[in-house]
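One structure below.
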Amino acid sequence: MAITQTDISKVQTLIKPIISHKAWGASLGVGSFITLEFGNPLPSSKERQKTHGEWHLWIYCCAWRIEEGNEVLASSEDPRAKIESSMAEPTPNPSKEGNRRLRGLIWSI
């Protein structure tokens with residue numbers, strides 16, 4: 001199945017609201033799955049004990065990489081230890097600057 005310009009436009013429309021927000025709350029899941037939070041934190045609830053943002057992006061079953069400048073820190077095919085170390089930088093409060101290591105990831109989606 002070929003990806004069309006219409007497909008790309010639909011995805012761009014869906015992700016447009018998060019483009020101006022910094023990623024925070026990065027978490028490495030099973031294998032190379034990564035979750036990122038965007039926007040203001042939502043209150044936790046009985047069902048959802050982890051704090052999520054207005055947008056919760058789950059990156060799975062796809063190729064990705066974390067970049068800093070011109071350096072690739074980790075990618076989806078790297079050993080888990082390398083991925084973990086690339087995400088080791090503390091993720092700041094979402095109202096601050098955002099995790100600089102994860103900004104490259106967002107623009108590479």
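The numbers here are math on the coordinates, done by the rules we state, and not lab data. Worth saying up front: this structure is predicted, and the values here are computed from it rather than measured. Cβ: placed from backbone, ideal geometry, glycine included. Neighbour counts: every protein chain shown.
Each residue, Thr13 and Trp55, gets one label point 7 Å from its Cα in the Cβ direction; the gap between the two is 1.5 nm.
With neighbour counts taken as other beta-carbon atoms within 10 Å, the residues Ile66, Ile3 rank, fewest first, as Ile3, Ile66.
Where does each of Leu57, Leu73 land when they are ranked from fewest to most other beta-carbon atoms within 10 angstrom?
Numbers: Leu57 17, Leu73 20.
Starting with the residue having the fewest Cβ neighbours, the order is Leu57, Leu73.
Sequentially through the range 57-72, phi angles give Karplus couplings (6.51, -1.76, 1.60; θ = phi - 60°) of 9, 10, 9, 8, 6, 8, 7, 8, 8, 9, 10, 9, x, 9, 9, 8 Hz, Gly and Pro residues having no value and appearing as x. Applying the Karplus relation 6.51 cos²θ - 1.76 cosθ + 1.60 with θ = phi - 60° to the range 35-49 yields 3J(HN,Hα) values of 10, 9, 10, 9, x, 6, x, 9, x, 5, 9, 4, 6, 10, 7 Hz, where x marks Gly and Pro.
The Glu68 and Val30 beta-carbon pair, evaluated with R₀ = 30 Å, returns a calculated FRET efficiency of approximately 0.75.
Sorting Leu42, Leu36 from the fewest to the most surrounding beta carbons within 10 angstrom yields Leu42, Leu36.
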